[in-house]
Amino acid sequence: MEISPRKIIKKKCKTCGKYRQHSKKDSSHCVHCNESLQVLTGNKLVDNLIKKSLTLKVKNKMTYIPFEQFTNIEYIAEGGFSKIYKAVWEDGPITGWSEKKGCFRRRKREIVLKRLNNSENIDSSFLNELEAYIKIVGKESNPFVRGSRGGGSGYQSRINNLFGITQDPQTRDFMLVIDFVKDGDLHHFLLNHNEIDSFSKLSILENTAKQLMKIHNQKIIHRDFHSGNILIHKLSAGVSVNINDFGISRPASESSDKEVYGVIPYIAPEILREEKFTTASDIYSFGMIMWEITSGQKPFSDRSHDIHLIIDICNGIRPPIINDTPQPFVDLMMKCWENDPSKRPTADMIYRFINGMHKIELPTIKNTKFATHPQAVFTSRPLSTLIRTASALQYTQLNCLSFAGEEYFVNKL
């Protein structure tokens with residue numbers, strides 16, 4: 001006599017609202033939500049974010065991942081407010097559901113751990129921005145969303161996948177668990193693949209603009225947009241483009257209202273004049289990324305990133321146009337560089353402009369060995385003191401010029 005398999009009854013989960021098999025331990029929650037709610041950090045703010053993310057209508061939920069699940073932890077780099085490690089997540093993310101076993105299928109995966117320095121006392125405003133990040137990342141149902149350029153060309157765009165959060169048991173610092181992108185950031189990709197053609201470069205820019213458009217459509221400003229936050233994953237045909245760190249490039253323990261953080265050459269002049277960030281500030285940064293695509297080097301890498309560079313940027317100084325850059329490309333780049341933010345295009349406009357640049361040829365990057373000034377800083381750092389000092393110096397210089405002009409006029413009389 002054959003025994004019929006147990007019928008799986010699916011009910012609506014009171015947390016995520018989906019009809020799934022329910023947990024034996026708690027019949028009001030589905031298996032996934034019950035599993036996520038059982039493993040929490042003990043930090044009330046972080047745990048509330050995890051619980052809230054389970055109720056969001058997104059496919060990728062925020063979960064707490066115990067630190068002991070990570071092996072082969074290897075230090076990669078350090079940013080302004082974080083340290084980056086590569087590791088293996090032994091359990092790995094959920095890949096599906098096994099009806100037979102009544103549990104989730106998982107697969108071991110290589111990931112990145114982003115340690116948030118001094119984050120034991122994580123700030124609520126930082127977590128609010130992380131929640132906005134989750135809302136956008138979670139809507140990326142397919143890890144590779146095909147871009148429009150060339151149809152099946154394999155040039156794709158996505159926002160970097162955030163799997164969850166963990167905590168170092170020794171330092172108590174929180175760490176974001178992020179998908180590993182093997183080819184690194186845009187700058188290093190250009191250095192290592194200087195042979196890529198114009199089509200590829202334009203595809204990278206087009207898909208970057210597409211992701212920036214998604215971010216801006218959610219009323220979010222990146223605030224620290226540069227080539228180090230554009231991650232590239234080379235595929236068999238084309239590349240995947242990922243935007244990283246939007247809204248969260250600052251210390252996790254400090255309110256966002258207290259300080260300006262970033263990399264001076266990519267920061268819009270209005271921010272350097274102590275005005276507020278807007279989506280147009282990100283567009284200025286996009287213009288600098290366009291220049292980097294043509295030159296292969298970071299803007300203003302040949303000079304000190306000090307108050308004098310801040311003043312020069314406010315006065316309209318921009319990197320020199322690279323020889324043989326097509327005029328339509330130059331025109332768009334210079335619109336992004338406009339001193340007046342109201343005259344800059346939107347991310348949507350940029351996306352459409354670049355999508356229409358089918359036949360232009362961008363300069364080939366011939367030299368990949370550039371000398372960098374010892375005082376050039378390309379990691380995010382606090383800049384408010386420098387900005388205030390530059391503003392005061394510029395104000396003094398203007399007053400001196402005004403006084404000299406009046407004295408000259410009086411002497412003439």
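Within the range 362-372, does at least one residue satisfy the condition of being within 18 Å of Ile221 (Cβ to Cβ) and in a loop (DSSP other than H, G, I, E, B)? It would help to see each step written out before you state the result.
Start the filter on the range 362-372 by keeping residues that are within 18 Å of Ile221 (Cβ to Cβ), which leaves none.
No, every residue in the range 362-372 fails to be within 18 Å of Ile221 (Cβ to Cβ) and in a loop (DSSP other than H, G, I, E, B).
When the residues of the range 180-211 are filtered to those that are farther than 21 Å from Ile360 by Cβ and touching a helix residue (DSSP H, G or I) at 6+ places or on another chain (Cβ under 7 Å), the one that is modelled with the lowest pLDDT is Asp183.
Is it the case that some residue within the range 158-167 is within 30 Å of Phe370 (Cβ to Cβ), of a type outside the set (A, V, I, L, M) and either surrounded by 19 or more Cβ atoms within 10 Å (Cβ to Cβ) or touching a strand residue (DSSP E or B) at 6+ places or on another chain (Cβ under 6 Å) (or both)? Among the residues of the range 158-167, at least one is within 30 Å of Phe370 (Cβ to Cβ), of a type outside the set (A, V, I, L, M) and either surrounded by 19 or more Cβ atoms within 10 Å (Cβ to Cβ) or touching a strand residue (DSSP E or B) at 6+ places or on another chain (Cβ under 6 Å) (or both), which makes the answer yes. On the stretch given as the range 177-210, residues that are over 22 Å from Pro328 (Cβ atoms) and in a helix (DSSP H, G or I) total 5. Taking Ile354, is it touching a Leu at 6+ places or on another chain (Cβ under 6 Å) and either basic (Lys, Arg) or closer than 17 Å to Glu292 by Cα (or both)? Taking the combined requirement at face value, the residue satisfies it. If you go through the range 130-151 and keep only what is modelled with pLDDT under 60 and either within 19 Å of Lys83 (Cβ to Cβ) or in the same structural domain as Phe353 (by the TED database) (or both), you end up with nothing.
Among the residues of the range 329-360, those that are acidic (Asp, Glu) and either under 15 Å from Ile317 (Cα atoms) or touching a Pro at 6+ places or on another chain (Cβ under 7 Å) (or both) comprise Glu338, Asp340. Select from the range 286-302 the residues that are in a loop (DSSP other than H, G, I, E, B) and in contact with a helix residue (DSSP H, G or I) (Cβ under 9 Å, 6 or more places away or on another chain) and write down the one among them that is surrounded by the fewest Cβ atoms within 10 Å (Cβ to Cβ). Applying the filter and picking the extreme gives Ser301. Part of a helix (DSSP H, G or I) and out of contact with any Gly (no Cβ under 8 Å at 6 or more places or on another chain): is that true of Ile350 in this structure? Against the criterion (part of a helix (DSSP H, G or I) and out of contact with any Gly (no Cβ under 8 Å at 6 or more places or on another chain)), Ile350 qualifies.
Within the range 174-186, the set of residues being farther than 22 Å from Lys108 by Cα and surrounded by fewer than 20 Cβ atoms within 10 Å (Cβ to Cβ) comprises Asp185 only.
Hey, could you check the range 361-395 for residues that are under 20 Å from Glu275 (Cβ atoms) and surrounded by fewer than 12 Cβ atoms within 10 Å (Cβ to Cβ) and say which is modelled with the highest pLDDT?
Thr385
Do you know which residues across the range 203-236 are basic (Lys, Arg) and under 19 Å from Ile136 (Cα atoms)? Answer for the range 203-236, where residues must be basic (Lys, Arg) and under 19 Å from Ile136 (Cα atoms): Lys210, Lys214, Lys219, Arg223. Beta carbons closer than 7 Å, at least 6 apart along the sequence or on distinct chains, pair a first residue in the range 303-325 that is surrounded by 11 or more Cβ atoms within 10 Å (Cβ to Cβ) with a second that is among the β-branched types (Val, Ile, Thr) and assigned to a loop (DSSP other than H, G, I, E, B) for His305/Val377.
The values are calculated or read from the model by the stated rules, or taken from the named source; none is laboratory data. Predicted model, so just to flag it, every value in this text is computed and none were measured. Neighbour counts run over all protein chains shown; Cβ positions are idealised from the backbone, glycine included.
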